[in-house]
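Trainee: Handing you this structure, nothing more for now.
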Amino acid sequence: MNSRVLKLLLAGEYICSVRYRDEFSLLDDDDEQEAVNTWLESLNMRLARLGEDGAFFMAPAYIGVKEITQVKNELLKFRDEYGPAVLLLDFIRQTDAGSVFLSPGEYIALYQLDAAVSQSTMMETQLKSLLSVISNASQRNTNHENLRRLLDQLVKDGYAILVNKDSGTYQVTGKIEQLYAVLQFLDENKVIPDTEVDDREADEAGEDLVDAAQADEGTAT
């Protein structure tokens with residue numbers, strides 16, 4: 001049983017084939033999964049997975065009143081926890097919806113985002129409207145710099161990794177499927193009224209992201 005895998009799980013990380021390739025390969029083994037689950041049992045936790053071949057993560061072994069309350073509290077913090085990521089990812093999707101489905105493993109090139117913004121007044125205006133949710137973004141910065149900071153924020157939040165610094169190429173991680181799952185759960189169960197979740201712009205962005213992901217799955221099958 002690999003100590004690095006355990007540390008990542010305990011830290012709340014999503015172990016996927018993009019961000020944590022080696023650890024993901026280890027967990028993809030049935031014997032390793034059994035060993036990790038046995039170890040997690042003492043913590044009343046278990047090894048969970050996003051879909052049949054998605055990212056691994058740690059989850060409660062038993063869903064009781066305490067766990068349900070915790071989930072509800074986290075969903076009530078939707079605006080702070082997920083709102084920025086929803087807006088930023090949907091902005092990227094809109095720059096080139098024909099080829100960027102924002103599924104695990106997809107590549108995002110900074111120069112393509114830069115070109116899309118420079119060629120569209122609407123996209124430039126939308127980028128400026130997002131400056132308040134992009135860390136260290138500023139009206140004084142160039143569009144290129146603000147776009148780089150946008151992508152770096154997604155890296156910090158675990159939704160992407162930087163694969164080539166020179167070319168400014170990023171790759172979407174498996175954690176994005178967790179975001180889609182939360183958005184779909186909220187949409188299907190109407191857990192939180194729209195006015196409490198976020199403003200309408202973020203709500204519509206979330207719906208667009210889920211629709212795009214579901215369309216991508218349909219195309220793949």
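All of the numbers you see were taken from the coordinates with simple rules; none came from a lab. Predicted model, so just to flag it, every value in this text is computed and none were measured. Positions of Cβ are backbone-derived with ideal geometry, glycine not excepted, and every protein chain shown enters the neighbour counts.
Trainee: Could you calculate the contour length gain from residue 129 to residue 69, that is, 0.36 nm times the residue separation minus the distance between their Cα atoms, to one decimal place in nm? Please list the in-between numbers first.
Mentor: Numbers: separation 60, 0.36 × 60 = 21.60 nm, distance 3.41 nm.
Separation in residues times 0.36 nm, less the Cα-Cα distance, equals 18.2 nm.
Trainee: Here is a follow-up. Can you list the trypsin sites (Lys or Arg not before Pro) in segment 93-172 that are in a DSSP coil and have 16 or fewer other beta carbons within 10 angstrom? Write out the running numbers ahead of the final one.
Mentor: Values: sites: 93, 128, 140, 148, 149, 156, 165; in loops: 140, 165.
In loop regions of segment 93-172 (DSSP not H, G, I, E or B), the sparsely surrounded trypsin sites (Lys or Arg not before Pro) are 140, 165.
Trainee: Follow-up. Counting only residues 5 or more places away or on other chains, whose amide H sits under 5 Å from the amide H of residue 45 once H atoms are built in the peptide plane?
Mentor: The list, which skips near neighbours in sequence, is 61.
Trainee: Quick query: amide H of residue 108 versus all other amide H atoms, modeled in the peptide plane; which residues come in under 5 Å with a sequence gap of 5 or more or a different chain?
Mentor: Those lying under 5 Å, H to H, from residue 108 are 170, 171, 172.
Trainee: Here's a follow-up. I'd like the distance separating the alpha-carbon centroids of segment 169-189 and segment 14-38, in whole Å.
Mentor: 20 Å
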